[in-house]
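Derivation of every value follows stated rules applied to the coordinates shown; laboratory data play no part. As the structure is a computational prediction, the values presented were derived from the model and not from experiment. Here the Cβ positions follow ideal geometry from the backbone for every residue, glycine too, while neighbour counts run over all protein chains shown.
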Amino acid sequence: MPINLSNSMTSIRPARSRKSLPSALAAMRAMLESTTDAILVTDEVKITDFNQKFIDIWKVPREILEVGVARKVRQLMSQNFAEPQHFLARIEEITVTGGESFDILELKDGRMVERHSQVLTIDGQRAGRVWNYRDVTERHLAEITSHQLAAIVASSEDAIIGKNLNSVITSWNLGAERIFGYTAEEMIGQSIMRLIPSDRQEEEREILSRIRRGERFDHFETIRLAKDGRPLNISITVSPIKDSTGHVIGASKVARDVTERRKAEEALKKAIQEAEFARSQAERANRMKDEFLATLSHELRTPLNAMLGWANLIRVGKVQGEELQQGIESIERNARVQVQLIEDLLDMSRIISGKICLNVQRIELAAVLNESIKMLRPLAEAKNVRLQAVMDPLVGKLSGDPSRLQQVFWNLLHNAIKFTPKDGKIQVRCKGLDSHVEVSVIDNGEGIAPEFLPYVFDRFRQANASTTHQHGGLGLGLSIVKHLVELHGGSVSVQSSGIGQGAIFSVQLPLIAEYRKPDKDSSGLEVASCDDKQPLPEISLSQIHVLVVDDETDSRELVKTLLEGAGALVSTAGSASEAFDHLLKRHPDVLVCDIGMHGEDGYSLIRRLRRLEVGRERLLPAIALSAYARAEDRVKAMLSGFQNHLAKPVEPVELLATVSSLAQRATCR
């Protein structure tokens with residue numbers, strides 16, 4: 001500890017004898033020089049004593065100090081300050097007022113000096129003043145640094161936690177309170193284990209073990225618990241705290257809540273995976289398209305080659321007799337193959353566009369199956385494949401389209417024959433299951449690889465679409481089967497134990513005890529079937545004025561002709577604005593309006609009309625006639641102000657009946 005000589009020098013008594021005086025002065029001088037403080041002793045006008053530390057701090061030359069003029073020394077000392085006059089005035093104030101003083105001095109070069117002064121008395125008489133100076137620059141900087149660190153810790157968004165080597169918390173900042181929810185009062189003195197899930201307690205023991213060895217634990221991501229029990233994703237850095245001797249006495253933990261970052265990373269990872277999946281799907285679709293086009297070219301060119309080849313031979317008269325008959329049969333057979341390919345493409349196009357219609361009637365399923373088997377038996381016999389049918393005589397009748405169901409079973413049987421080797425066996429089983437009938441086509445052929453089973457009914461998909469595939473086809477047959485069966489309210493499935501184990505295709509169709517008329521829509525009107533031979537009902541629209549709005553001329557003229565054929569008076573408009581102008585001048589009985597039109601669509605037109613009719617007792621009946629045929633399109637049309645929604649292509653009987661019904665309702669109001 002530095003010795004403050006000012007206390008010992010403020011009251012000095014004379015030595016008892018002259019002999020002891022030199023030794024006392026020598027001891028006093030030794031004490032003056034051994035202290036770490038700078039000492040200056042003055043009387044009213046002179047410097048009476050000083051030590052080397054004073055010279056070191058104030059840089060006053062020794063010779064000037066030895067001259068002893070106090071005013072001169074003070075002038076030199078004042079040059080160390082930005083405001084010398086303030087320094088001199090303070091010394092004058094201390095001298096005049098007397099007594100003890102204490103000041104903190106800040107020098108121009110950044111040093112901080114503590115100044116302490118006391119009056120010096122000898123035998124009770126005032127003999128001067130002792131000035132004690134101490135350089136506290138390092139201590140001051142340390143205090144500033146400490147305060148800065150404390151402010152940083154207090155304001156940090158991260159949790160900064162101190163703990164001892166027994167895992168007891170010794171400090172807890174506001175960041176820790178914000179992240180974990182506990183206040184400092186709740187946590188200081190508690191174990192850090194309070195924050196650690198039970199299945200991660202071993203982590204703390206490992207961390208302490210490394211801290212005791214003086215090691216640092218950097219950016220370790222783990223799970224900790226908030227006060228409300230929520231798991232938090234935390235990134236922690238733990239550093240050892242050492243005392244002045246270098247011994248580890250605790251640990252400082254900086255914890256950052258990375259829960260949101262982890263969520264963002266997971267979201268980004270998911271987005272990347274989804275984008276990667278979308279890219280792979282697009283690449284697969286593009287690859288499938290290329291494979292399909294190559295297969296289509298192959299499947300169309302192969303029969304053309306035989307047809308053109310035999311046609312050329314027949315034209316030049318190169319073949320006669322049996323060869324001529326063989327050539328004609330080959331041309332016919334390959335032409336039928338092409339017809340089937342084209343029909344498959346057209347059917348798939350109809351399925352995609354939703355334009356397939358069923359001619360539903362009451363049928364005997366056994367008759368349909370037998371017809372399909374009869375058609376394909378020659379092909380099976382040519383491969384020496386045994387084709388066997390097992391029919392349940394108790395299976396009732398069902399409602400369906402016989403030609404489309406025959407197409408379903410023809411495709412399944414043809415597929416089975418194609419993939420069944422010579423001398424193989426195919427069995428068709430038909431049995432009743434409660435309210436359903438199940439038809440299974442079972443073969444002992446090539447079978448299906450497990451990884452391909454989920455894609456069997458996808459269009460344009462083939463297990464082997466390369467140039468080495470053994471069997472022809474476009475990969476459409478089974479997809480068409482699936483869609484036709486589902487249109488009948490049924491389902492189709494496939495089973496196979498793998499390559500070489502054969503396959504079982506099963507179709508389930510609902511049994512209907514009684515034949516039902518076509519369903520009625522929400523307006524109570526019968527929906528006509530797709531039977532082109534059905535005659536139009538006798539519906540009279542005489543004296544009914546209909547406004548038809550459609551920007552497609554052909555569609556507009558078709559509806560006009562149909563309505564006029566039933567006796568209606570028809571006006572037409574090619575746009576929504578033209579129709580609105582017409583409605584302002586004339587008042588039709590019924591509005592038939594398209595939805596998708598250039599410029600202003602049908603939704604906008606009907607909204608304008610309904611705003612115009614506000615306050616009127618009678619609203620103009622309006623029918624939305626649109627190619628937008630989804631359920632949500634119907635709902636949107638009704639909410640916009642239409643009374644009915646008919647999908648294109650519309651059945652004539654349905655349109656006429658709807659117009660008639662709406663016109664009659666309006667008349668009855």
Study note, to complete from the structure: Summed over the other residues with a beta carbon less than 11 angstrom from that of D423, with K and R at +1 and D and E at -1, the charge totals +4
Check your understanding: Seen from all sides and averaged, what is the projected area of the convex hull of the Cα atoms in the stretch 5-140, in nm²?
Key -> 8.4 nm²
Practice item. State, to one decimal in nm, how far the label point of E322 lies from the label point of E186, with both points 7 Å from Cα in the Cβ direction. Key: 10.1 nm
Practice item. Can you figure out the FRET efficiency of R616 with E486, using R₀ = 56 Å and their beta-carbon distance, to the nearest 0.05? Key: 0.75
Revision key, fill the gap. Residues whose modelled amide H sits under 5 Å from the amide H of Q501, counting only those 5 or more places away in sequence or on another chain, are G447, I448
Point to revise | Positive minus negative residues near S252 (Lys, Arg vs Asp, Glu; Cβ under 12 Å) | key: +3
Review point. What are the extents of the Cα atoms of the stretch 545-668 along their three principal axes, listed from largest to smallest and rounded to whole Å?
Key: 35, 30, 26
Exercise for review: Note the per residue figure in Å³ for the convex hull of the C-alpha positions in the stretch 357-510.
Suggested key: 107 Å³
Revision key, fill the gap. Assertion target for K560, K270, ordered by fewest C-beta neighbours within 10 angstrom first, is K270, K560
**Study point:** Spatially proximal lysines relative to K422 (Cα-Cα < 25 Å; intrachain offsets below 8 disregarded)
**Key:** K374, K383
**Study point:** Extension reserve of the L379-I55 stretch, reckoned as 0.36 nm per residue once the Cα distance is removed
**Key:** 104.4 nm
**Study point:** Long pairs among K53/K108; K53/K242; K270/K636; K163/K227, criterion Cα-Cα beyond 25 Å
**Key:** K53/K242; K270/K636
Practice item. Could you tell me what % of all Cα pairs in the stretch 570-616 have separations over 18 Å? Key: 21 percent
Study note, to complete from the structure: Footprinting proxy, D589, D458: sorted fewest to most Cβ within 10 Å, the residues are D458, D589
Revision key, fill the gap. If L365, L376 are placed from fewest to most neighbouring beta carbons inside 10 Å, the sequence is L376, L365
Practice item. Grab the other residues whose beta carbon is less than 12 angstrom from that of I57, score K and R as +1, D and E as -1, and report the net. Key: 0
Practice item. For E557 paired with N164, estimate the spin-label separation in nm (one decimal), with each label point 7 Å from Cα along the Cα-to-Cβ line. Key: 10.1 nm
**Study point:** Nearby aspartates and glutamates by direct alpha-carbon distance to K431 (threshold 12 angstrom, same-chain neighbours under 8 apart not counted)
**Key:** D392
Check your understanding: Taking 0.36 nm per intervening residue step and subtracting the Cα-Cα distance, what contour gain separates Q543 from D228 on full extension?
Key -> 105.8 nm
Exercise for review: Evaluate the distance, in nm, between pseudo-label points positioned 7 Å from the Cα of M391 and of K648 along their respective Cα→Cβ axes.
Suggested key: 4.5 nm
